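First the structure, in the form of structure tokens, and then the observations on it.
The values are calculated or read from the model by the stated rules, or taken from the named source; none is laboratory data. The structure displayed is predicted, hence computed values, not measured ones. So basically every Cβ, Gly included, is an ideal-geometry build from the backbone, and we count neighbours across all protein chains shown. The area values use the complete protein model at the heavy-atom level, side chains included, leaving out ligands, DNA and RNA. Shrake-Rupley method; radii C 1.70, N 1.55, O 1.52, S 1.80 Å.
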Amino acid sequence: MKRWLSLVLAALSVVAAAGAKQASPPPAITPPKAVPLPEFLKAADEVLAEMSKLLDLPVKAPLKKSLRSRDEIRAYLVKELKEDKEPQQRYADQKTLEQFGLIPRGFSLEPFLLDLLTEQVAGLYDPKTREFYIADWIPLDEQRVVMAHELTHALDDQNFNIDPWMKAARPNDDAEIARDAVIEGSALAAMLDYAFREQKLSVRDLPDVTLLIRGEVLKQMAEYPQLAKAPPFIRDELVFPYLAGTTFTQQVLKANSGWGDFHKVFEDPPVSTQQILHPQLYISGTKPQPVSLPDLKGVLPHGWKMLEENVLGEFGLSAVLKQYLGQDRAEKLSPAWAGDWYALFENEKSKQTILVYRLQLDNARNAARFFGQYSEALEQKYGTRTSLFRRPNFFQFQTPDGGVFLRCAGIECLVVEGTSRSVFDKISRAIGWPAAPAPAEVAPLKVTAITGASR
């Protein structure tokens, strides 16, 4: 699952949590009063010097700085989305999100994201041009807190070369999200330190920074029309690097002597969202298990091609579970994740898809829990199904788009959606599993429909 939301969330989402007043664009009928450029440049230089001292990171080169209008910011976002990925990759991303049930089928994702991000952005740092932008409608006194966030990115870039550092995680999407959480979480934590500097406080002094910012972020989210109507996964993925990343940053700062040691995270970055969600796993060096799928080209029928293969990760698994089982159950089950790999295939003519997802859990007991709860999630996902067949650790049913299969063995589980039983058996043999139980003759069940199913 490629991470679409690689651009910035407005730092203003959390300004109020730091004791500052949130700024918002003036109504359309009132022309924005632009901040004089000399005042902006002077303030940016002052904040940059303060952040350099706070983070113990030197300013190594002059920084380009500019004020941008809403139209200019939107043009930048359009350019970034187009340059970040080829059309085929964007298509594969969309199909993957649809197949996991994280966005509705046919959802206009790219236009929606442009509207959403334009609504949210207050300032940004572009590591490609090494330029700092800020929205020209924000009063100067409120710009400074936004500057603290974005100028942290600038200092990180000058000292750690952010763009290549981020891309070094590829092609593992889960690892790339984890690195983004380092970037955004540390910038938000630094912004909080800047906001609290007169009180002589820092995030290291707080018991749990999440308690400080979560409620305010959720409150502010409801005030943005585009964000309020976004699919839950889009909102969660947009906020994850900031909330989870700030908590991760706080715990790492507490485990070390402060910002002077944070360079260690850039030198030895987290490899999964699990390490972000559970910072002690990162601190102790505990990493997920590698999981793979065999080459399935000879297993699938003719006419199917691979669109995407990647790691879903604990964050992604939690999102899928939350979609069908609710947040409470998702939060209890997803930490059992220990590694995964998925592949998505598409029929070149019909455009139907087959999803193959192999997952490892941390122990056999949790694998059994996963089997029970994920089988329920699959039933919620597919509102129309027939020929349901269940045995210990094996579950299957038919849908208009093909069979759905879930099987667990030991600490591993295999999910295959959108194909026949014979193809599922071939996939099982390819990964070295014995044949799954099969009904001698499965009588079709009455078709059932679940209200609100997304499939």
Can you work out D for region 211-366 in µm² s⁻¹ from Stokes-Einstein, where Rh is the Kirkwood radius over C-alpha pairs, the temperature is 37 °C and the viscosity is 0.692 mPa s?
182 µm²/s
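At a Förster distance of 25 Å, what's the computed FRET efficiency of Arg105 paired with Ser350, Cβ-Cβ distance as r, to 0.05? Don't skip to the end; give the middle numbers.
Numbers: r = 14 Å, r/R0 = 0.57.
Computed FRET efficiency for Arg105 and Ser350 comes out at 0.95.
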Rounded if a/c is under 1.5, else prolate if a/b is larger than b/c, else oblate: which is region 285-324, with a ≥ b ≥ c the root eigenvalues of its Cα gyration tensor?
oblate
What spacing in nm lies between the two simple spin-label points modelled at Leu211 and Ala75, each 7 Å away from Cα in the Cβ direction?
4.8 nm
Send over the Kirkwood Rh of region 133-190, from the inverse of the averaged 1/r over different Cα pairs, rounded to one decimal Å.
12.5 Å
5 Å is the cut-off here: which amide hydrogens, built 1.01 Å from N in the peptide plane, fall below it relative to Lys65, excluding neighbours closer than 5 in sequence?
Phe132
Compute the accessible area per residue over the chain, keeping the other protein chains in place, probe 1.4 Å, unit Å².
42 Å²
Stokes-Einstein D in µm²/s, Kirkwood radius over Cα pairs - the chain at 25 °C with 0.890 mPa s viscosity:
104 µm²/s
Mind giving me the FRET efficiency for Leu388 and Asp362? R0 is 25 Å, r the Cβ-Cβ distance, nearest 0.05 is fine.
0.30
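Could you sort 144-150, 194-200 so that the peptide with the highest average Cβ count within 10 Å comes first and the rest follow in order?
The peptides rank, most packed first, as 144-150, 194-200.
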Add +1 for every Lys or Arg and -1 for every Asp or Glu among the other residues with Cβ under 13 Å from the Cβ of Met147, and state the total.
-4
Vicinal HN-Hα couplings computed from phi for region 49-65 (Karplus, 6.51 cos²θ - 1.76 cosθ + 1.60; Hz; Gly/Pro x)
5, 5, 5, 4, 5, 4, 8, 6, 10, x, 7, 9, 7, x, 10, 6, 9
Given 174-185, 351-362, 156-167, the highest-first ranking by average Cβ count within 10 Å works out to 174-185, 351-362, 156-167
So the FRET efficiency between Arg329 and Arg130, C-beta based with R0 = 56 Å and rounded to 0.05, is 0.80
Test of understanding: what is the full-extension gain from Asp261 to Glu198, defined as 0.36 nm times their sequence separation minus their Cα-Cα distance?
20.4 nm
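As a test of the formula, what do you get for the chain when each DSSP H run with n ≥ 4 contributes -39,500 (n - 2.57) and the sum is divided by the residue count, at 222 nm and rounded to the nearest 500 deg cm²/dmol?
Value at 222 nm, helices only: -15000 deg cm²/dmol.
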Using a probe of 1.4 angstrom, how much of the accessible area of the chain is carbon and sulfur, in percent?
54 percent
